[in-house]
Amino acid sequence: MRQLLVLFMSLIFSASVFANLVEQGQELFSKCASCHGKNGMGKSGQKAPMLAGQYAWYVNSQIHAIKNGDRANANTKKMMPFVKRLSDEDINALSAYVESMPRKK
């Protein structure tokens, strides 16, 4: 019974932490919206892909790759002024928010 209680409390804590990350990420995403769209659906004219609903681990790895210069092209260079200021916590929050965004058709 005790193990079940510990598991239940861990899940509640994890959900709370994720909710806080999503809230922080929503604020950070406001800087992304001019290219990726307010709802994260992307803008083809700007060659900005849809992000809404993308896996957090993937968004996280791509932001790190852009920040470290491992992924560089004309579009990622436009992102660099914003991305270079992001802390690891910011990247985690932004990634969590993007994953939480619904994909609209």
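Tally the residues that are exposed (fewer than 15 other Cβ atoms within 10 Å of the Cβ) and either farther than 20 Å from Glu27 by Cβ or touching a Lys or Arg at 6+ places or on another chain (Cβ under 8 Å) (or both), restricting the search to segment 83-102. Step through it out loud before you land on a result.
Filtering segment 83-102 for residues exposed (fewer than 15 other Cβ atoms within 10 Å of the Cβ) gives 84-85, 87-89, 102.
Next cut, either farther than 20 Å from Glu27 by Cβ or touching a Lys or Arg at 6+ places or on another chain (Cβ under 8 Å) (or both) only: 84.
Residues flagged as exposed (fewer than 15 other Cβ atoms within 10 Å of the Cβ) and either farther than 20 Å from Glu27 by Cβ or touching a Lys or Arg at 6+ places or on another chain (Cβ under 8 Å) (or both) within segment 83-102 amount to 1.
In segment 39-49, what residues are assigned to a loop (DSSP other than H, G, I, E, B) and out of contact with any helix residue (DSSP H, G or I) (no Cβ under 9 Å at 6 or more places or on another chain)?
Quick first cut of segment 39-49, residues assigned to a loop (DSSP other than H, G, I, E, B) only: 39-42, 47, 49.
If the condition is that a residue be assigned to a loop (DSSP other than H, G, I, E, B) and out of contact with any helix residue (DSSP H, G or I) (no Cβ under 9 Å at 6 or more places or on another chain), then Met41 is the only one that fits.
Taken over segment 50-105, the criterion of being assigned to a helix (DSSP H, G or I), under 10 Å from the mean Cα position of the chain (by Cα) and among the hydrophobic types (A, V, I, L, M, F, W, C) is satisfied by Ala56, Trp57, Val59, Ile63, Ile91, Ala93, Leu94, Ala96, Val98. Pairs linking a residue in segment 28-47 that is under 17 Å from Asn60 (Cα atoms) and surrounded by 14 or more Cβ atoms within 10 Å (Cβ to Cβ) to a residue that is modelled with pLDDT of 90 or more and of a type in the set (Ser, Thr, Tyr), with Cβ atoms under 9 Å and 6 or more positions apart or on different chains, are Leu28/Tyr97; Phe29/Tyr97; Gly40/Tyr97.
The values are calculated or read from the model by the stated rules, or taken from the named source; none is laboratory data. These figures come from a predicted structure and were not determined experimentally. All Cβ positions, even for glycine, are placed from backbone atoms using ideal geometry, and neighbour counts span all protein chains on display.
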